[in-house]
Amino acid sequence: MSHLNNYVADILTPVWNLLTLSPFLTPIFQMDQNDLLAEERQGEVLDRPVDALHEGRKKIYVESYGCQMNFSDSEIVVSILEEKGFNTTPDYHLADVVLINTCAIRDNAEQRVRNRLQEFRAVKKKNPELVIGVLGCMAERLKAKLLEEEKLVDLVAGPDAYRTLPALLQEVESGRKAVNVILSTEETYDDITPVRLDSNGVTAFISIMRGCDNMCSFCVVPFTRGRERSRDPQTIVQEAKDLFAKGYREVTLLGQNVDSYLWAGGGPKKDIIKSGKDAINFAGLLEMVAKVNPDLRIRFSTSHPKDITEDVLHTMAAHENICNYIHLPVQSGNSRILEKMNRGYTREWYMDRVEMIRRIIPDIAISTDVICGFCSEEEADHQETLSMMEWAAFDFAYMFKYSERPGTLAERKYSDDVTESLKTKRLEQVIELQQRMSLESNEKDIGKVFRVLVEGVSKRSQEHLYGRNDQNKVMIFPKGNLVRGQYVHVRADRCTAATLMGEVVEHA
Ligand code: 5AD
Ligand code: SF4
C-alpha cells in the first residue's frame, strides 16, 4: 500500500533519515525508473541502537523491500532472532548474517534485490563466513532455484517460515545451504511481539491477517504469501494496548484485504464459512481496537471494493478515533479490464462503493492503486481509468505500469501486449492527472483546522514538525514546544500536491 512530492533519491537511506516519511503518508515517495512513481519501499535498513549489554552477540543486518507487510514481517524476524541471542546492526560490513526481505510484486522490485545481492557478493568475498539469507516473496517465488541462481545465497526462507530461522541458520553453520518455503494455513505469528525497528515511537503497524485468496490475475501475492488466514483478535487488541502503554498513538491494521478478515478460532476463511461458526468480522475487529483507548488512532489497509461493507463504514463513523481514510484500489476504470484482472467488480460497482463511502463518511479521504497497460488495454479503456480518477477525485494514488509475473493467471492466459512505451505514456498521464487531483483536494482544505498527531521533525526544516490529519494528509507546522505523540490542532494555510502547511491553533 503507499503522497506526492516526497521523492527519496537515495535507495539505501537509513531508517532514521526516513522518519519523516511514513509509507502511508507518502503513497508516492520513490522515483523509480520503471514505474516512475512506485509504492514499494526499497532497501531500508532496519535497526535499533545496539544494546551495550548485548555486545558480543552475533549480529544480523536486515534490509527490507516492498510493502508494509514485509516491514512488519522483518520486525517479527528480528524478534525471533533476538530471542536466540542475535543483535541487529545498521552496517552490513559488521554483520555475521545479512538478511534481505524481498518483494516480488513487480519485476523491477526483484531486479533491485538482485543488484543488491551483487553488492553483498563483494563483502562475502572478503569475509566467506558471512551468511546471506533471502526472505519474503522472492524467496517463496524462486525457492531453491535462488540458491543456484545467486550462488552467494546460503539461506532461503518464505513468509511463513520465520520461526524456523534459528534452525536454518544452524544448518548453514554446519556447512549446508538451508531452505524453508513451506506455506501455512495457520501461521499468523500471533504470539510474537514484533521488535519495533523503523519506529518513531508514535505510529506502528499491526498485522491482522496473512495471505490472500483473491487471485487477481496480475498478482503474485496469493502464490508467495499463501492462503488467507486471520489472526486472533485478542492478540491484536493486546498488541494495540501494549503499544499504547509504550506511548504509541496510532496503529495501522495491515492485511492484503482487511474486509475479508474473519476469525472463529483460527484457520483458513473458507473452513470458517463452511463451519457456520459465529465469527468476528473486520467491523467487529475495528470496534474492538477502537475501544482500546480514545487517544489511540486507528488506520487500516488495504480495503477491497468487492468486500467492503456498510458495517465497516458505520463502525468508522461511530468511533472518532478510527481515521476517515480508506485505501481502495481501483486498478482500472474499465469493466472489461477489471474482469480480465479478476477483481470481482465492475466500474459501476466501484462507483457505487465510493458513493456509499462518501454518504456515510462525508469528510473521508480515499486513495487508490492504478495499473496502466494491463493485457489488451486499449486507449478507450485507459480513458475510462482517467475518467474514473477524475470522477472519484482520489486524494492520493499509487500508480504502476503492468509488470507480468511468472505463474500468475494473466501470465498463463493473456498476452502482455501493451508496448512498454505505451505503458509509460499512459502512466505519465495517470500521474499528471493525480498530481492535479491531489493539489485540488489539498486546496479545498485551506483555511480548515485539523487534529494532527505529531510524528517528528520535518525532513526539510528542523524548525518544523510533521504529522498527519485524520484523512492521512501530511501537515507541516512550526515546532514551538510540541513533542512527538501529542495531538495538536493545525490550520492549513498553504499547500502543495503532497503537503498541507500551516499554524498550530487553539481548538475551538
Ligand atoms: N504489475 C503492476 N502492478 C501490480 N500490482 C500488483 N501486481 C502488479 C503487477 N503485476 C499493484 C496493484 C496492487 C498494488 C499493491 O500493486 O495495484 O494493488
Ligand atoms: Fe494481490 Fe488482489 Fe490479493 Fe491484492 S487482493 S494481494 S492485488 S491478489
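Quick look at the numbers
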{"quantity": "Selected residue (only one of Glu390, Glu428 is of a type in the set (Asp, Glu), in contact with a helix residue (DSSP H, G or I) (Cβ under 8 Å, 6 or more places away or on another chain) and modelled with pLDDT of 95 or more)", "calculated": "Glu390"}
{"quantity": "Residue count for the range 192-233, restricted to those that are more than 8 Å from ligand 2 (Cβ to nearest atom), closer than 14 Å to Lys270 by Cβ and over 15 Å from the mean Cα position of the chain (by Cα)", "calculated": "5"}
{"quantity": "Subset of the range 301-336 that is touching a His at 6+ places or on another chain (Cβ under 9 Å) and away from ligand 2 (no atom under 14 Å from the Cβ) - its residue that is farthest from Ile208 (Cα to Cα)", "calculated": "Asn334"}
{"quantity": "Some residue of the range 248-261 being closer than 22 Å to Cys137 by Cα, within 16 Å of ligand 1 (Cβ to nearest atom) and in contact with a Cys (Cβ under 7 Å, 6 or more places away or on another chain)", "calculated": "yes"}
{"quantity": "Residue match in the range 302-315 (condition: of a type outside the set (S, T, N, Q), at pLDDT 95 or above, open to solvent by less than 40 Å² (accessible area, probe 1.4 Å) and farther than 19 Å from Ile361 by Cα)", "calculated": "no"}
{"quantity": "Residue list for the range 316-339, filter: surrounded by fewer than 23 Cβ atoms within 10 Å (Cβ to Cβ), within 16 Å of ligand 1 (Cβ to nearest atom) and under 23 Å from Ala290 (Cβ atoms)", "calculated": "Leu328"}
{"quantity": "Positions within the range 153-167 being more than 27 Å from the chain's Cα centre (by Cα) and either buried (at least 19 other Cβ atoms within 10 Å of the Cβ) or farther than 23 Å from Lys59 by Cβ (or both), in sequence order", "calculated": "Asp154"}
{"quantity": "Residue match in the range 171-181 (condition: touching a Gly at 6+ places or on another chain (Cβ under 9 Å), in a helix (DSSP H, G or I) and either at pLDDT 95 or above or of a type in the set (Phe, Trp, Tyr) (or both))", "calculated": "yes"}
{"quantity": "One residue from Tyr189, Tyr162 being away from ligand 2 (no atom under 16 Å from the Cβ), out of contact with any Leu (no Cβ under 9 Å at 6 or more places or on another chain) and among the aromatic types (Phe, Trp, Tyr)", "calculated": "Tyr189"}
{"quantity": "Selection count where residues are within 16 Å of ligand 1 (Cβ to nearest atom), on the phi > 0 side of the Ramachandran plot and open to solvent by less than 20 Å² (accessible area, probe 1.4 Å), scope the range 180-221", "calculated": "1"}
{"quantity": "Where a residue in the range 198-224 is closer than 24 Å to Tyr414 by Cβ and its partner, wherever it lies, is among the aromatic types (Phe, Trp, Tyr) and more than 9 Å from ligand 2 (Cβ to nearest atom), with Cβ under 9 Å and at least six apart", "calculated": "Ser217/Phe374; Ser217/Tyr414; Phe218/Phe374; Phe218/Tyr402"}
{"quantity": "Qualifying position, being in contact with a Lys or Arg (Cβ under 6 Å, 6 or more places away or on another chain), closer than 18 Å to Asp73 by Cα and small (Gly, Ala, Ser), among Gly158, Gly211, Gly226", "calculated": "Gly211"}
{"quantity": "Where a residue in the range 228-256 is within 10 Å of Ile206 (Cβ to Cβ) and its partner, wherever it lies, is open to solvent by less than 10 Å² (accessible area, probe 1.4 Å) and of a type in the set (D, E, K, R), with Cβ under 7 Å and at least six apart", "calculated": "Thr252/Arg299"}
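The values are calculated or read from the model by the stated rules, or taken from the named source; none is laboratory data. As the structure is a prediction and not an experimental result, all values here were calculated from the model. Glycine gets a Cβ as well: all are built from the backbone with ideal geometry, and neighbour counts include every protein chain shown. These area figures cover heavy atoms from the full protein model, side chains too; ligands, DNA and RNA do not enter into them. Shrake-Rupley method; radii C 1.70, N 1.55, O 1.52, S 1.80 Å.
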